[in-house]
1. Report yes if Ser80 is farther than 19 Å from Pro57 by Cα, of a type in the set (Ser, Thr, Tyr) and at pLDDT 95 or above, otherwise no.
2. Where in the range 43-116 are there strands (runs of 3 or more DSSP E), lying fully within it, with 1 or more residues that are open to solvent by 60 Å² or more (accessible area, probe 1.4 Å) and either more than 13 Å from Thr143 (Cβ to Cβ) or of a type in the set (D, E, K, R) (or both)?
3. When both residues are 6+ apart or on different chains and their Cβ atoms are under 7 Å apart, which pairs have a first residue that lies in the range 99-116 and is of a type in the set (Lys, Arg), and a second that is outside any loop (DSSP other than H, G, I, E, B) and at pLDDT 95 or above?
4. Inspect the range 130-140 for any residue being assigned to a loop (DSSP other than H, G, I, E, B) and surrounded by fewer than 20 Cβ atoms within 10 Å (Cβ to Cβ) and give the result as yes or no.
5. Looking only at the range 141-152, which residues are under 28 Å from Lys52 (Cβ atoms), assigned to a strand (DSSP E or B) and open to solvent by less than 20 Å² (accessible area, probe 1.4 Å)?
6. If you check Asn125 against the conditions, is it modelled with pLDDT of 95 or more, within 20 Å of Asp49 (Cα to Cα) and open to solvent by 20 Å² or more (accessible area, probe 1.4 Å)?
7. Which of the residues that make up the range 121-140 are closer than 18 Å to Tyr107 by Cα and of a type in the set (A, V, I, L, M, F, W, C)?
Amino acid sequence: MIKNIIILSALSSLFILGACKKNEDINSAPHSAISNPAELGIPNIEKRDIPKDGKYPEMTFTSKEHDFGVIEANSIVNYSFTFKNTGEADLIISRALGSCGCTIPEYPKEPIKMGESGKIDVSFNSANKHGNQQKSITIYTNTKAGAESLYIMASIKE
């Protein structure tokens, strides 16, 4: 009985560690497991400043999803999500996080004026990945919602 429990524990640990080798998926961690989100680099969007004039920027994306289709194992693919600030204030992106170390977003560091466009460049590394993959990118902003989510998918050819 104890031997079975040890084997089950070992297999569970391997599964958890193998899910994403470079970074843990902080988006899937239970809230109770994160005692201080700032320690993980997650901004606290609940305490952000509310504009005195009540005007917010708004990110309007051409698409919030991209499917790379079938890609080679151990390859790096890139995609640019385009958006426009359709709100009533300058858009500020404070952080962009991929759900895994294999997904790296790059975002504009300067404010995006009303009516202007921008892009979020996403790089996906398929090393050590197999089969169908779906990853998310969370964009933290000064919009009313405070965050936007983007998604990429790929099927890794084995």
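1. Details: farther than 19 Å from Pro57 by Cα: yes; of a type in the set (Ser, Thr, Tyr): yes; at pLDDT 95 or above: yes.
For Ser80, the condition - farther than 19 Å from Pro57 by Cα, of a type in the set (Ser, Thr, Tyr) and at pLDDT 95 or above - is met.
2. Values: elements: 59-61, 65-72, 76-85, 93-98, 103-106.
Once the strands (runs of 3 or more DSSP E) in the range 43-116 are filtered for at least 1 residues that are open to solvent by 60 Å² or more (accessible area, probe 1.4 Å) and either more than 13 Å from Thr143 (Cβ to Cβ) or of a type in the set (D, E, K, R) (or both), what remains is 65-72, 76-85, 93-98, 103-106.
3. Lys113/Asn85
4. Here is the first cut: in the range 130-140, the ones assigned to a loop (DSSP other than H, G, I, E, B) are 130.
Then keep just the ones that are surrounded by fewer than 20 Cβ atoms within 10 Å (Cβ to Cβ); that gives 130.
So far as the range 130-140 goes, yes, one or more of its residues are assigned to a loop (DSSP other than H, G, I, E, B) and surrounded by fewer than 20 Cβ atoms within 10 Å (Cβ to Cβ).
5. If the condition is that a residue be under 28 Å from Lys52 (Cβ atoms), assigned to a strand (DSSP E or B) and open to solvent by less than 20 Å² (accessible area, probe 1.4 Å), then Thr141 is the only one that fits.
6. The answer is no for Asn125.
7. Val122, Phe124, Ile137, Ile139
The values are calculated or read from the model by the stated rules, or taken from the named source; none is laboratory data. Because the structure is predicted, anything quoted here is derived from the model rather than measured. Cβ sites come from the backbone with ideal geometry, for glycine too, and all protein chains shown count toward neighbours. To get the accessible areas, we keep the full protein, side chains included, count just its heavy atoms, and leave off ligands, DNA and RNA. Shrake-Rupley method; radii C 1.70, N 1.55, O 1.52, S 1.80 Å.
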